[in-house]
Each structure stands twice: as structure tokens, then as C-alpha cells.
Amino acid sequence: MQSEFILIKMLGASVVLLGTLSLTCCVNGWAFVSRWRPDESSEDMEMSPWALRQRFLLDLMLQVHKPLLQQELSEMGHELNENPEDYETGTWPLLLEFMDAVHQHHILRPYGIYSQLHQELPHQLIGVYRFLVLAKNWKTFQRNACFARIHFHPVLFVNALEMAVDDREDCGGLRLPAMHEVLPQLYFDKEIILEAQLVYWQQLAPVPTISRKRSWRETIAGILYPKSLRPWNPQQVEWMPTYPMVIQSKKSRTTLLSLDVELNGYWNRLISRLMIADQGSAIVDGDRLMALHDERYERRLSGNPTRPQDYLLLMHNIRQFAALLQLEQLAQNGTSSLQFIESTLLTTGGVPYKASSGLNADAVLHLINESIEELRNHIDKELKDEHEMQTMCKVGRVIASRYWHLFRQLSLAINGDRLQPNLLGMATSNLRDPIYRVLLLQLAQLIAGYEQRFANKPLQQHHKQQKQQLHLRHILVGRLETFDQLVDSDLINLMDQQLLQTQRNNLRLLRRRLVARHMRLNHKSFNISYHIFAPSTKKVLIRSYLLSTGDKNSPRLLLDSFVSSLTTGDNQFERHFATAPTVHTLSDLYEAKQPLDGGVSRDCSFPHHLLLPRGTAEGLKLQLLVEIHSWHTDEESSGCAWAASKEMDCTAHLLTSSQFDVVVYHKTIELLETDL
């Protein structure tokens, strides 16, 4: 035996241990392990560059609403980086105003009141975004992100970081946790938040309920005869269970669209980009609005996070939300959207949000109508040539540029100019506010009016002939069924940070997860089969919509959109729509050794689980409208962002359309006592 290891000398009951030893705690008790032998279960193992960068972002998100305690990250962000050489060439002038605002303490601090409608917020948001996205390399980005994490308001920091991670090339494959897990206070009822904050570490950590130290005989036997070491008798030590600790609200057991946490998270990302659309230095002309390709590098250099397709996505999203909301009301026997709901949310500082209650509904509707009319006047002034190919793009651009001003003026008229948290000014969960929802319904009608106005252009003669010959023979639709799905979301960000954030992360020590159990709407898998007869070879755009029966003016919910080539004769296309998977939790991301597939789609107009409107037990009767349009480019793509842009494209001439009766069913889950 080598002399540098262990020399054991036994004299009666005395034990002398010489050499290099390390005393560590293992599952079965205490054991001696060589300090020079790497521990495969520790975080000291070599990690891939992707894993190191992913872990860095996750550590920043941990307890983001509280001070940063990890020493290494605190040292990275201890001072403001004002070296122009550390930023993209030629972009330093874009940062000068932000640097000056930081020195004058004009950027919202961690414990301030965050409001989407605060007058200075757009300037602050684009400043923090530029501070992160224009960093020349990963090391500088790390320093800047740590500084922003320490010195700025958590919601401001998270919103800017989301956009920066999307736009930085060195963040490819990296993923931030779902925002309802990063800032659960802004998404879940306060009763869930308050109950989660009472959970203590010992309820989740792998601590035996019965502890017993080994005798000196067992310890020495384990060193000399490791093969003879036997696991402890489970009757002697009882371990805590591995199933999660569940917290669930007792108030609501319904899956209302406006309460969907994933939808509110997506809406926050979209509005964060649009609310600073006019703050950037880049000028986006009409030609670039139609070029819906990746412009990540160009957006970085311009310092403007707004993408050309965001203008079209906004209009598409508003129409999709309005259609889903009205179809949801239809399934609930016409319940009105203008309902005042009790405010149950808290700010990151624990202040309750003020609900839009005690207001006269007629007065509110009058204010909304005036706001919409003012917006219509701005659009009409911008539209000088009705026959331009990019008219709807201009409509979307005006709506996007006026969107933040529209809601700010409405909030000032209702809530006044007092700096007080209210749902109407809350970027992350404002879909809960009934006034916000009614205004979105009005915007959807405005957009539909302009689309109809410019889509009713006379078709050329050859399009009329093709419309007469092209024929949609029939369509087969599988059973459409929605259901209430139980989902668990991590609440670990509400734990005591002194235990979670030390110099090294202690999440790996947890045996149990702390989760919020809530319901979301989902749909079962189904297929749609299109049978089309074509007199000649032709490339077409096929769109499918769901709409209520007997109302031609009802909002249309875009269900499917794709481009395909028709051959002469009969053509058949089979489209599959799978049940939406659950998003990866914060725990999943921490445990991942490589990039995870699936999860949140940043380009999708809505989370995938909201593809269908809520059905009913007896079946909600709807119409499926199928339109076939001419297509004159080589672009063949699909997806929500692409479909959104093509839905507003007035250059695709309608060749034929047909309507079919469909029924959407709904299955309500039976909740057990353990689920409540």
C-alpha cells in the first residue's frame, strides 16, 4: 500500500489515520474519500461550453427578484463597463444616453414599481437591451448581464435579457426558463405565492428523518473492507418521498384564456419588443417589412430589437386572441368579456395589484371607442395609396407604433397618474384585465375592417377562370377534442435564497420539487385531410379557419396555413396536429447536459396548446373555412410567424373557398383530493 494514502494503526480502541484524506457525507453515512479523486457527482466535472453558458443564465434567473448572492457573479458585475472597445464597432453612440442615465440613477432600481405604461420605461428598456446585446463578446456580455441583474429592476432586466438572448449569436441554443417560473408572483394567485414562501429547506432537501452516526468499527470496516460494506437497513433510516410538494389554488378550477400563464408570458415578450419600436435608430421601410427573414445581426448593430415581422405578428395575435376569446364565450353560453375580476396578483416586492373595479362600464366603453377612432385617424393619414402591395404592413406598423401610447392614455384616464400597481399597466399579466381585453376586441375589428377593405380588389380574368376550375372536393377532419390538463410549474424561485444561492448553487441537493399545480387547455391529436382537384399544375397557399356558425363577421381563428404544389388531377394532403407538450421546467433546464428540444417557441403566435378553442361536453358546433390562394414565389414554409405574415398578405389572390361543419368536444378531468 502506498505510503501517501492511509496508514492505519490500531491500538485497542484508538485509530490513527495518516495521509491525505477528506471527510465527506455520503448517502449511507460518513466515509473517507481521497481528495485527489474526482467526484463524478459534483459540479467540478468538466462541462461543455453550452452547459457553462446555460448554467450562467440560469444562475442569473435564480431568485431574480432578490439581491444576487453568488460571489463570482457579484464580482463580475461590480462596476459599469464603459469601455467603447468592449462593444460592437460603431455602436458606442447608441449607449451614451444609457450610460448617463445609469450614473444619474434614472434606470428603475430593484425595489421600484414596474409599470409597462410608465413614461420613461421604453427608453430604459431599450437602453438595457442595447447594454446586453451590443456587448462584443461573451465575456463582456457576462459582465454586463451581472451588472444589470444587480442594479436594475428584475422585470426590466428579465424583459431586456429575453430579447438579447434571442438576438445574440453566441446565445444560440440557450434557453431561459418560462417567465411564470422566473417571476411566479406576476402569474400565479397570491395565495400560492404566500404558501410557497412558507416552505422551508428541510422539507425538500434529502435529509433522513432518522439520523444515526456510524460507530468507529463500521467506519474502519468500510475503509479496510469496502466490499463488505452493506447498505443500511431501511427500517433504521427512513427517507423522505421523492414526489413533489404541490401547491394549488382553491379558487379557480377553470382554464380561462386570459389566465393562461404561458400565453401571458408570450404576450409580454411581444409587447416588450413593440413598446420600444419607435425608440431605435433604424428606419424600417416598406420593402424591408416584406422581407421576413432572419435579421438578427442587423438588429444588433442598429440597437433596435423590433423585427419586421413583429408588426404583422401583432395584428395576427390580436385577431387570434379575439377569436379564441369570443369562441370561449360561446362555449360558456355567451359570458361577456367585460367582467371585473378580483385582483389576486402581487408585485415582486409584495404589493397587491389594483384591479379595474368600481368603474362605469359605459364610460369605459366610451373611452375605448374614442381611442380606437383616434387610432383609425392615424392609420388613414399614413395610407396615401390604397393600391400599394404593402398596405396591411403599413397598418400594422402604425398600430405597433401607437400601441403603447394608446394603452397609456387609457390607463391615465382610468387610473390617473399616480404611480400605483394596476393590471392595465402590467406587461406580464395584463390579459387578466377586462378593459385590456375589450380594447383588444376593438382592435381586432379595426384590423379586420382594413383587411377586408384591401382584400376586395377585382381579380384578374385568369384568376377568375382558375377559381371556376379549381375545386376542393372534400375534407376529412378527425375528432376535435380539448381537455383540461394538469401542469406542474417550478416555484423554487420563492425558496429562501440564503439556502439556494451561496457561492455554489444548492439546487442539486434538493430531493423534492416545489411546484404550483394548475390547469391549462390542451387538445388531443387530430388530422385534417384535404382533397383538391386542379386542372393544371399550380403552387397554392392553403389556409383553414374556425369560426362560429351563422355569423359571417365573427373573428376567424387561423388553424392551419401552408404552401404546396398541386399537380394536374386529384391531390390529397394530410396534416397532423399533435397534442402540445409541456414546457421544460427550471429543474429540467438545470439538469440538462445538452440543448433540450421543444419547449417555448419564440416565433409562435400563441402557445401550441391553444390551437383549438375550448369545446363543450355535448360538442361546440363551428364552421371550418378553407381558402385556397394563388402563390407566386418559391417560398415554402410553415409555422406561426410565417403564417401570420401570409395571413396579412393581400397579394395572394383567392382561387376558391369552402365551408364545412365541425364539432369541438371538451373533456373535463376529474380532480382527486390529492390534486386539490
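The values are calculated or read from the model by the stated rules, or taken from the named source; none is laboratory data. This one's a predicted model, so the numbers in the text were calculated from it and none came from an experiment. Note that we place each Cβ from the backbone using ideal geometry, even for glycine, and neighbour counts take in every protein chain shown. Accessible surface areas use protein heavy atoms only, side chains included; no ligands, DNA or RNA. Shrake-Rupley method; radii C 1.70, N 1.55, O 1.52, S 1.80 Å.
Quick look at the numbers
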quantity: Filter pass, Glu82 being part of a loop (DSSP other than H, G, I, E, B), among the charged types (D, E, K, R) and open to solvent by 40 Å² or more (accessible area, probe 1.4 Å); calculated: yes
quantity: Residues located in the stretch 314-356, provided they are among the small types (Gly, Ala, Ser) and modelled with pLDDT of 85 or more; calculated: Ala322, Ala323, Ala331
quantity: Of residues in the stretch 178-192 being farther than 14 Å from Leu586 by Cβ and of a type in the set (Asp, Glu), the one most open to solvent (accessible area, probe 1.4 Å); calculated: Glu191
quantity: Neighbours by Cβ (under 6 Å, 6+ apart or cross-chain): first from the stretch 97-116, under 25 Å from Leu412 (Cβ atoms) and in a loop (DSSP other than H, G, I, E, B); second among the small types (Gly, Ala, Ser) and modelled with pLDDT under 90; calculated: Tyr111/Gly349; Ser115/Gly425; Gln116/Gly425; Gln116/Ala427
quantity: Checklist (1) touching a residue at least 60 places away in the same chain (Cβ under 8 Å); (2) part of a loop (DSSP other than H, G, I, E, B); (3) among the acidic types (Asp, Glu) applied to Glu72, failing item; calculated: (2)
quantity: Scope the stretch 94-103; condition out of contact with any Gly (no Cβ under 8 Å at 6 or more places or on another chain) and open to solvent by 90 Å² or more (accessible area, probe 1.4 Å); matching residues; calculated: His103
quantity: Test result for Asn159, of a type in the set (S, T, N, Q), over 14 Å from Thr347 (Cα atoms), within 15 Å of the chain's Cα centre (by Cα) and part of a helix (DSSP H, G or I); calculated: yes
quantity: Hits in the stretch 474-491 - residues which are surrounded by fewer than 23 Cβ atoms within 10 Å (Cβ to Cβ) and farther than 26 Å from Glu328 by Cβ; calculated: His474, Leu476
quantity: Given (1) at pLDDT 80 or above; (2) surrounded by 17 or more Cβ atoms within 10 Å (Cβ to Cβ), index of the condition Glu374 fails; calculated: (2)
